[in-house]
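Here the structure comes first, spelled out in structure tokens, and everything after it is commentary.
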Amino acid sequence: MSQQPGPQHEPVMLARMTELLSPALAEPDSVYLDCTLGLGGHAEAVLRANPGARLIGIDRDADALAFAADRLAPFGDRVRLVQAVYDELADVLAEAGTPRVQAICMDLGLSSLQIDTADRGFAYAVDAPLDMRMDARDPRTAADILNTYSEADLARLLRAYGEEPAARPLARAIVAARASEPFDTSARLVDLVGAVAGRPGRGRRTGHPAKRTFQALRIEVNGELDALARALPAAVDALAEPAAGRPGGRLAVLAYHSLEDRMVKRVFRAGATADAPRHLPVPASELRPRLRLLTRGAEQPAEDETAGNPRAASARLRAVEKLQEVAA
Ligand SMILES: C[S@@+](CC[C@H](N)C(=O)[O-])C[C@H]1O[C@@H](n2cnc3c(N)ncnc32)[C@H](O)[C@@H]1O
């Protein structure tokens, strides 16, 4: 089933993701929500490992959904796919008649289909239109942002979302360059970033000088951090409570940069902490948190995985299990 022709995306930490989610999906009629279906690599493995489970697969990218639909067709009516942003997951589940689910996967970021399709504009290695929309119906492209944001707003987003040490001089250079000609394709931006931010003394950096700028633009175009901030608590809410011999629902998240991983860590830690109001006389023995951490810190891929798939190198995996609906 997995030897599909066409675009490929190597699912990251596939065995570990499957191992973390499967104990919650052992019973018949379990529901697995994949919030970032992509090309369906994780979904296929989880469905195969859990023959009683059904999948609800979400992606905001219509191309990804079309490929995943082909790949997952052999699973027939065990699969239901929906084009949506993952912060709409409560609505998607309500529509499907399953407000609570046994397992949720979030594999954040981009698929190889998006990175390797030059005219989507995500890659800095090829000259392509500065688009970067995951959903082609969205109105605003990366070029729109570069050509219309004020210098202060450009500096803010380069600093906040790209953690770019040269955010201010770079924003100034972008505003000066667009005055002579608006930005439309990536090569001119890559050259500009190299000239301004690639200079020695512009902070410690690893990788291509344009990596941070492209990350910042992509996050802004797709509202990625805002969507994640809304989706994480919604996903925790959607996990089923333990019941009649079934363990609680499990949520596993793969993040690829520190801004996302920090958000995941914060939400998981808060849920795993019993937090009783101080003025209430609750004995410590009765305090139980809402979540249990399944991973110790963030797990990372093994070296043999990153050797074969360098895109996995920045992955950080965290997972939790629901203990009860709300902290006692
Ligand atoms: C890393 S890929 C997932 C790959 C997938 N796990 C696999 O094995 O094929 C991430 C996917 O999430 C989608 N995505 C990113 N942010 C999203 C969001 N806010 N809502 C819905 N889908 C999103 C992207 O379009 C992309 O297809």
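Coordinate-derived values only; no laboratory data. Quick caveat: nothing in here was measured; it's all calculated off a predicted structure. Note that each Cβ is placed from the backbone with ideal geometry, even for glycine, and that neighbours are counted across all protein chains shown.
Packing, taken as the mean count of other beta carbons within 10 Å per residue, orders the peptides 85-94, 158-167, 302-311 from highest to lowest as 158-167, 85-94, 302-311. Modelled label positions at ARG269 and ASP70, each set 7 Å beyond Cα in the direction of Cβ, lie 4.4 nm from each other. Between the beta carbons of ARG246 and ALA136, assuming R0 = 45 Å, the FRET efficiency works out to 0.65 to the nearest 0.05.
Based on the Kirkwood approach, the hydrodynamic radius assigned to region 110-152 is 11.0 Å, with every pair of different Cα atoms included. Here's how it looks for ASN309: its modeled amide H is under 5 Å from none belonging to a residue 5 or more places away or on a different chain. Dipole check for region 33-96: with +1 at the C-beta of Lys and Arg, -1 at the C-beta of Asp and Glu, and the Cα centre as origin, the magnitude is about 340 Debye.
Hey, any idea what the orientation-averaged projected area of the convex hull of the chain's Cα atoms comes to, in nm²?
19.2
Stokes-Einstein diffusion for region 121-222 at 10 °C, viscosity 1.306 mPa s, with a Kirkwood radius from C-alpha pairs, works out to 119 µm²/s. Each part reduced to its alpha carbon centroid, region 229-244 and region 251-276 end up 13 Å apart.
With helices as the sole contributors, the chain gives -12000 deg cm²/dmol at 222 nm; each DSSP H run of n ≥ 4 counts as -39500 (n - 2.57), and the sum is divided by every residue. Projecting the Cα positions of PRO233, ALA272, HIS208 onto the charge dipole of the chain (unit charges on Cβ atoms of Lys, Arg, Asp and Glu, taken about the Cα centre) puts ALA272 furthest along the positive direction.
Around the Cα centre of the chain, unit charges on the Cβ atoms of Lys, Arg, Asp and Glu (plus for the first two, minus for the last two) sum to a dipole of about 1220 debye.
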